1. Keeping to the stretch 81-122, report how many residues are part of a helix (DSSP H, G or I), farther than 17 Å from Val199 by Cβ and either open to solvent by less than 10 Å² (accessible area, probe 1.4 Å) or of a type in the set (Gly, Ala, Ser) (or both).
2. Out of the stretch 55-76, which residues are open to solvent by less than 30 Å² (accessible area, probe 1.4 Å) and either closer than 18 Å to Leu6 by Cβ or outside any helix (DSSP H, G or I) (or both)?
3. When residues of the stretch 26-51 are filtered for being under 14 Å from Asp195 (Cα atoms) and in a loop (DSSP other than H, G, I, E, B), how many remain?
4. Restricting the first residue to the stretch 1-23 and requiring it to be open to solvent by 70 Å² or more (accessible area, probe 1.4 Å), which pairs with a second residue that is aromatic (Phe, Trp, Tyr) meet a Cβ separation below 6 Å and a spacing of at least six or different chains?
5. List every residue pair whose Cβ atoms lie under 6 Å apart, where the two residues are 6 or more positions apart in sequence or sit on different chains, the first residue falls within the stretch 47-60 and is closer than 16 Å to Val91 by Cα, and the second residue, located anywhere, is at pLDDT 90 or above and in a helix (DSSP H, G or I).
6. Quick check, is Ala43 small (Gly, Ala, Ser), open to solvent by less than 10 Å² (accessible area, probe 1.4 Å) and in contact with a Leu (Cβ under 9 Å, 6 or more places away or on another chain)?
7. Could you tell me whether Val10 is in contact with a strand residue (DSSP E or B) (Cβ under 6 Å, 6 or more places away or on another chain) and among the aliphatic types (A, V, I, L, M)?
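The values are calculated or read from the model by the stated rules, or taken from the named source; none is laboratory data. It should be emphasised that the depicted structure is a prediction, and the values quoted were computed from it without experimental measurement. No Cβ is skipped: glycine too gets one built from the backbone with ideal geometry, and neighbour counts run over all protein chains shown. To get the accessible areas, we keep the full protein, side chains included, count just its heavy atoms, and leave off ligands, DNA and RNA. Shrake-Rupley method; radii C 1.70, N 1.55, O 1.52, S 1.80 Å.
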Amino acid sequence: MKITFLDGPVCDGCGAAFEYSLGPGVRCAACEARPRAFARARAACVYDETSRDPILQLKHADRQDLAPLFARWLSRAADGLVEEAGAITPVPLHPSRLFSRRFNQAAEIARGLARLRGRPYLPDVLVRRIATESQGGKSGSGRKRNVAGAFVVPPGRAHQVAGRNILLVDDVLTTGATAEGCARALLAAGAARVDLAVVARVKAATTSS
């Protein structure tokens, strides 16, 4: 089986695939009904049984060599968002999780994307101050409650995001709760806009992780 890249027309809000082009800037019904804190999202591919394996290898099997590949995928899929980004930052891990995993997979991808496209890389402007439970298996509302208030921009870092368009990077997009929490924290710190780029998105979701 081949990876299903999202090369065709997509919702300008959440990056979900459209069956056919509806024109530039068109958003799906879910995005029109409930706009997100992040302005736009793009995913390189659909999260399914084919894409899941390499993503989990990076995340859990220490396959950091996959990060540059994913960065290239994002460079193509989120080209317009990268062009407009004043800086790129990853979704952070809590220090306890970072200690056990030894690296943040989103940070490895974001660093590669920033290097590839010559954009400032801000690895520390977002902090996950609450050691949240895994989002796996939770409902959309459960995911939102799980990450409520979990992310913050430290006061000493706010000047790095103020007035900038920030591109937030993560590996997988599911309900949008994590990305929403991060975007709200960045906007509260003065970011002009927050966009989102992920390696893969769950097909059933019409919003985002």
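1. Counting residues in the stretch 81-122 that are part of a helix (DSSP H, G or I), farther than 17 Å from Val199 by Cβ and either open to solvent by less than 10 Å² (accessible area, probe 1.4 Å) or of a type in the set (Gly, Ala, Ser) (or both) gives 2.
2. So in the stretch 55-76, the residues open to solvent by less than 30 Å² (accessible area, probe 1.4 Å) come out as 55, 58, 66-67, 70-71, 74-75.
Across the stretch 55-76, the qualifying residues are Ile55, Phe70, Ala71, Leu74, Ser75.
3. Final tally of qualifying residues: 6.
4. none
5. Final answer for the pair search is Leu58/Leu66; Leu58/Gln105; Lys59/Gln105.
6. On the way: small (Gly, Ala, Ser): yes; open to solvent by less than 10 Å² (accessible area, probe 1.4 Å): yes; in contact with a Leu (Cβ under 9 Å, 6 or more places away or on another chain): yes.
Criteria met by Ala43.
7. Working: in contact with a strand residue (DSSP E or B) (Cβ under 6 Å, 6 or more places away or on another chain): yes; among the aliphatic types (A, V, I, L, M): yes.
In short, yes.
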